[in-house]
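K.L.:
Quick one: the structure is below, and I'll ask about it shortly.
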Amino acid sequence: MVDQNKTYTFIKDGVYYFSKRVPKDLHSHYQTNRLVLCLHTRSASKASFSARSFLAKLEDYWLKLRLSEMEVPASHRLVVSAADASQAITLNEALDLYLRLKGHNKQKQFEVTAKRHIQYVVKCLRNRPIDLYSTADGSAFRDWLVNKGLSGSSVKRTFSSIKAIVNLAISESGLTCKNAFGGVYMPDRSDSVKRSPISNPSLIIVKSECIRIDDDLRWLIALISDSGLRLSEAIGLIKDDIVITDGVPYINVRAHKWRPLKTTASERIVPLVGMSAWSARRLLSRVEGNYCFPRYASTNGCRSNSASAALNKWLKKQAGSDATVHGFRHSIRDRLRNVEAPTDLIDQIGGWSVQSIGQGYGDGYNINKLYEWMQKIEIN
């Protein structure tokens with residue numbers, strides 16, 4: 001039985017350690033009479049949580065050792081364990097089912113993310129039949145994620161993924177059990193950072209540096225800066241998506257197997273002006289192969305996180321510590337507002353979902369009208 005009031009921890013050089021004597025009847029299984037484990041934290045609360053979790057697993061293991069050495073009388077009358085009695089699939093099996101049914105035509109990151117989230121649960125609560133997890137387990141898992149250092153938004157995303165996996169398993173298996181991860185309270189930890197638009201003076205500096213350096217990373221920033229494309233949309237482009245004619249140059253934003261779109265409104269035509277037009281011509285003339293940004297895109301998917309880290313690091317040096325690539329989308333919206341462009345036209349250019357039912361009727365503005373408004377926001 002685990003004593004919840006004892007943490008079995010001590011501090012050495014500011015770092016917490018777990019320490020516990022090995023019971024005398026189990027000495028033969030160990031080369032030492034005391035177990036000491038570094039908890040890799042300087043936080044008392046995190047150390048306490050980790051120590052309790054480790055102690056619970058240790059007590060379970062010691063119980064198994066003792067039972068393995070016992071001759072159990074009347075074994076034919078033993079009640080099977082809850083895990084043996086359960087007819088439900090395990091959490092890992094639920095993951096396999098989810099990937100098999102939902103993973104078609106998805107990026108590799110879809111599978112990687114789902115597996116990572118399930119591994120979190122298994123590490124904290126072990127792999128069990130899905131009907132043997134309780135709401136208390138879900139709450140303990142939430143606390144485990146918080147103590148692990150995940151942000152509030154990351155905890156919510158993790159739970160959203162796990163709930164989807166378990167819900168599908170319950171539905172497909174015809175179970176009547178409750179999803180233990182579905183009713184867990186999520187504290188309001190507002191840790192999201194407000195993304196600021198890139199100012200016009202900063203845009204001028206960025207433009208100048210992109211032209212001076214003139215490489216694929218600068219082409220990517222330039223393309224986004226005057227188009228309002230999402231980073232993933234830009235990375236996933238192929239040359240066939242770029243149309244340079246005597247009329248209106250534009251990008252055809254459409255879904256690809258290696259890069260799906262965020263929403264149905266994301267599929268659109270975006271006229272090219274200013275730095276975006278400059279970048280598009282560079283891509284068509286200087287890049288080998290069909291992928292516009294082969295450094296970050298391939299048949300295996302798009303590595304948007306890697307691109308974001310590299311671009312944001314450079315951008316902060318040019319436009320300030322709060323500058324991010326996503327700030328260009330905020331800038332495009334502000335720049336179009338400042339020339340009094342219609343709201344539904346702004347939504348159409350940026351691929352934002354329409355804000356009213358009426359705006360969803362019709363085919364939207366034609367490319368010449370979009371181009372006319374985009375030319376008004378060019379920065380010289």
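K.L.:
What spacing in nm lies between the two simple spin-label points modelled at residue 255 and residue 334, each 7 Å away from Cα in the Cβ direction?
P.N.:
For the pair residue 255/residue 334, the computed spacing is 3.3 nm.
K.L.:
Please express the shape of the chain as an equivalent ellipsoid: the semi-axes are the square roots of 5 times the eigenvalues of the C-alpha gyration tensor, given largest first in whole angstrom.
P.N.:
The answer is 54, 25, 19 Å, longest axis first.
K.L.:
Now for a different question. As a quick test, which of the pairs 12/123; 64/148; 102/313; 57/313 have an alpha carbon distance above 31 angstrom in this structure?
P.N.:
As for pairs spanning more than 31 Å Cα to Cα, those are 102/313; 57/313.
K.L.:
Another one. Using only Cα atoms, what is the ratio of the radius of gyration of the stretch 86-173 to 2.2 N^0.38 Å? Kindly include the intermediate steps, with their values, before the conclusion.
P.N.:
Values: Rg = 12.6 Å, N = 88, 2.2 N^0.38 = 12.1 Å.
Its radius of gyration relative to the 2.2 N^0.38 Å reference: 1.05.
K.L.:
I'm checking a number: the convex hull volume of the Cα atoms of the stretch 200-375, normalised per residue, in Å³. What is it?
P.N.:
With only Cα atoms used, the stretch 200-375 gives 117 Å³ per residue.
K.L.:
Next up: Please report, in whole Å, how far the alpha carbons of the stretch 9-67 spread along each principal axis, starting with the longest.
P.N.:
Ordered largest first, the stretch 9-67 gives principal extents of 36, 19, 12 Å.
K.L.:
By counting other Cβ atoms within 10 Å of each Cβ, how are 46, 115 ranked from fewest to most?
P.N.:
If I rank by nearby Cβ atoms, fewest first, I get 115, 46.
K.L.:
What length, rounded to one decimal in nm, is gained on full extension from residue 13 through to residue 111, with 0.36 nm per residue of separation minus their alpha-carbon distance? Please list the in-between numbers first.
P.N.:
Values: separation 98, 0.36 × 98 = 35.28 nm, distance 4.03 nm.
Roughly 31.3 nm would be gained on extension.
K.L.:
Now for a different question. What number do you get for the stretch 285-333 when its Cα radius of gyration is normalised by 2.2 N^0.38 Å, N = residues?
P.N.:
1.37
K.L.:
Taking 8 Å as the Cα distance limit and 6 or more residues as the minimum spacing, I'd like the relative contact order of the stretch 289-380 as a percentage.
P.N.:
17 percent
K.L.:
Here's another thing I want to ask about it. Among 18, 54, what is the fewest-to-most ranking by other Cβ atoms within 10 Å?
P.N.:
So the residues, fewest neighbours to most, are 54, 18.
K.L.:
I would also like to ask the following. Over all directions, how big on average is the projection of the convex hull of the alpha-carbon atoms in the stretch 221-312, in square nanometres?
P.N.:
Quarter of the Cα hull surface area: 5.7 nm².
K.L.:
Which one, 338, 179, 92, has the greatest fluctuation when you compute a Gaussian network model over the chain with C-alpha springs under 10 angstrom?
P.N.:
Most flexible of the set in this elastic network: 338.
K.L.:
Build a GNM of the chain with springs between Cα atoms under 10 Å: which of 260, 342, 23 gets the top mean-square fluctuation?
P.N.:
Ranking 260, 342, 23 by mean-square fluctuation puts 23 first.
K.L.:
Can you give the relative contact order of the stretch 200-375 as a percent, counting alpha carbon pairs under 8 Å and 6+ residues apart?
P.N.:
28 percent
K.L.:
Here's another thing I want to ask about it. Under a point-charge model restricted to the Cβ atoms of Lys and Arg (+1) and Asp and Glu (-1), what is the dipole moment magnitude of the chain relative to its Cα centre, in debye to the nearest 20?
P.N.:
With only Lys, Arg, Asp and Glu charged at Cβ, the dipole is about 1040 debye.
K.L.:
Can I ask one more? Treating the beta-carbon of each Lys and Arg as +1 and of each Asp and Glu as -1, no other charges, what is the dipole magnitude of the stretch 267-340 about its Cα centre, to the nearest 20 debye?
P.N.:
Working: 13 positive and 5 negative charges, 37 e Å.
In debye, rounded to 20, the stretch 267-340 gives about 180.
K.L.:
May I pose another question? Using Cβ contacts closer than 10 Å as the measure, can you line up 137, 13 from fewest to most?
P.N.:
Taking fewest neighbouring Cβ atoms as first place, the list is 13, 137.
The numbers here are math on the coordinates, done by the rules we state, and not lab data. As the structure is a prediction and not an experimental result, all values here were calculated from the model. Quick reminder, even Gly has a Cβ in these numbers, built from the backbone with ideal geometry, and neighbours come from all protein chains shown.
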